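Only one structure is covered here, and it is reproduced in the block below.
The values are calculated or read from the model by the stated rules, or taken from the named source; none is laboratory data. Worth saying up front: this structure is predicted, and the values here are computed from it rather than measured. Virtual Cβ from ideal backbone geometry, glycine too; neighbours counted across all protein chains shown.
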Amino acid sequence: MSCISPEGKPTESGSKMLHALKSGLSSPEEIAKDAGLPLFRVRSGLRELAQADLANQKNDSYEITEKGKELVK
Amino acid sequence: MEEIKEQVISLPRLGEPAPAFEAVTTHGMLKLEDFKGSWLVLFSHPADFTPVCTTEFIAFAEIHPELQKRGVELLGLSVDSVSSHIAWTRNVEEKTGVKIPFPIIADLSKDVSTAYGMIHPGQSKTETVRCVFIIDDKQVIRTILYYPLTTGRNMQEILRIIDALQTTDANAVATPANWKPGDMVVVPPPNTQEMAEERVKQGYECVDWYLCKKKL
C-alpha cells in the first residue's frame, strides 16, 4: 500500500489525503489539488483508504470514516 | 488426439483503447483508469541496474517537468520486482542526484507486458524491449514506438510527438516531417474539386492544392 504503512499508519501522501477528506473535500480532483498530489496517485490512494476502512466511497466521491479521523487527530 | 489450444492475444494498435490493467508499482497498486483525463507515456525497459536503462531513466526524469506542462504522466515497466525498482531508483538518486518521480510497474507476472506486446522473443525471451506507448486522455493509443535493447530512446522525439498530437487535436491539422512547435502545420487536403479550387485562394502557403501549410 502506498498510503498506509505496514504498521497501519498513513504515509505522508495518505495523511495529506485524509486531511483533505477531513476538511470536507470529497472528489479525487479536489483532493489532488488540495494535497498537491498527481490525480492518479489520489485515485489509487483513495481506493486504499477505503479498503482500510479509513474512507467510504459513494459513487465518485469519498468521505472520511471515524477510524480515519482518529488517524489525523 | 490431444487438442492444443493456443491463446491468441491481439497486440494494441493505434486508435484503439489501451488495454486495461491493474498493476503493482513503486507508487502502489495502479490501474490504467487512474490516469483517465491525463495523457500517459507507458514505457518498458529491459531490466533494472543496466546501463542503457539507467541513462534512459535519468533522461525520462529530466523531461518529466516538460511532460507535466503538457498534462502527461509517465509510467515505467519491467519484469523486475518492486524491491528491485526501489533499490535501483534509490541507487540512481544516490549516484547521480536524479530522483525518479514517476511510478514503475513491477510486472513479474508479465500480464501487462504481454497485453502490450512488450516482449519480443527475437530480442529477449525474458526481458521487455524498449517500448513507448503514448496514450491520450481518453485512454486511446496514439503512438507506439519500439526500440531494440541496445538503443536508448530519444526524449526530444517523445516530446515532439506529444506536441504534434496535441496540436493536431486542438487545431484539426497535421504536422509535416521534422515539425516542431512554432513551425507551419499542414492543412488537411481537400476532398472535392470545389474544395481544391477554393483551397488555393485561401491564403495558405501551398506547393499545390494537396499540400498547403499555415501558421497557427
- B:Ile86 passes all but one of the listed conditions (1) assigned to a loop (DSSP other than H, G, I, E, B); (2) over 22 Å from A:Ala32 (Cα atoms); (3) within 14 Å of chain A (Cβ to nearest Cβ); the exception is number (1)
- Could you count how many residues in region B:163-195 are within 19 Å of B:Asp137 (Cα to Cα) and part of a helix (DSSP H, G or I)? 9
- Query: Which of the residues spanning region A:1-27 are over 18 Å from A:Lys69 (Cα atoms) and either at pLDDT 95 or above or not aliphatic (A, V, I, L, M) (or both)?
  - Reply: A:Ser2, A:Pro6
- Residues that are surrounded by fewer than 20 Cβ atoms within 10 Å (Cβ to Cβ) and of a type in the set (A, V, I, L, M), drawn from region B:62-87: B:Ile63, B:Val82, B:Ile86, B:Ala87
- Query: Which residues, taken from region B:157-183, are without any contact (Cβ under 8 Å) to a residue 24 or more places away in the chain and under 20 Å from B:Ala61 (Cα atoms)?
  - Reply: B:Glu157, B:Arg160
- Item | Sole exception among (1) among the hydrophobic types (A, V, I, L, M, F, W, C); (2) touching a residue at least 60 places away in the same chain (Cβ under 8 Å); (3) within 14 Å of another protein chain (Cβ to nearest Cβ) for A:Val42, by number | (2)
- Scan B:Gly15, B:Gly76, B:Gly71 and give me the residue that is touching a residue at least 60 places away in the same chain (Cβ under 8 Å), assigned by TED's automatic domain parsing to the domain that holds B:Ala106 and not acidic (Asp, Glu). B:Gly71
- Residues A:Ala20, A:Ala50: which one is within 14 Å of chain B (Cβ to nearest Cβ), without any contact (Cβ under 8 Å) to a residue 24 or more places away in the chain and surrounded by 15 or more Cβ atoms within 10 Å (Cβ to Cβ)? A:Ala50
- Message: Could you check region B:33-50 and list, in sequence order, the residues that are in a strand (DSSP E or B) and within 19 Å of B:Tyr146 (Cβ to Cβ)?
- Response: B:Leu40, B:Val41, B:Leu42, B:Phe43, B:Ser44
- Note on the structure: B:Cys53: passes all of (1) surrounded by 18 or more Cβ atoms within 10 Å (Cβ to Cβ); (2) not in a helix (DSSP H, G or I) but (2)
- Message: Condition first: of a type in the set (Val, Ile, Thr) and away from every other protein chain (no Cβ under 14 Å). Can you find one or more residues in region B:60-80 that meet it?
- Response: yes
- Filter region B:123-157 down to the residues that are of a type in the set (D, E, K, R) and surrounded by 15 or more Cβ atoms within 10 Å (Cβ to Cβ), then identify the one that is modelled with the lowest pLDDT. B:Glu127
- within 18 Å of B:Val24 (Cβ to Cβ) and part of a helix (DSSP H, G or I) - does that describe any residue in region B:95-111? yes
- Query: Checking A:Lys69 against (1) within 8 Å of the chain's Cα centre (by Cα); (2) away from chain B (no Cβ under 13 Å), which single condition isn't satisfied?
  - Reply: (1)
- Would it be correct to say that A:Glu30 is at pLDDT below 90, away from chain B (no Cβ under 13 Å), out of contact with any Leu (no Cβ under 9 Å at 6 or more places or on another chain) and over 21 Å from B:Phe21 (Cβ atoms)? no
- Candidate set: region B:17-32, residues that are more than 10 Å from chain A (Cβ to nearest Cβ) and outside any strand (DSSP E or B); chosen: the one surrounded by the fewest Cβ atoms within 10 Å (Cβ to Cβ): B:Ala20
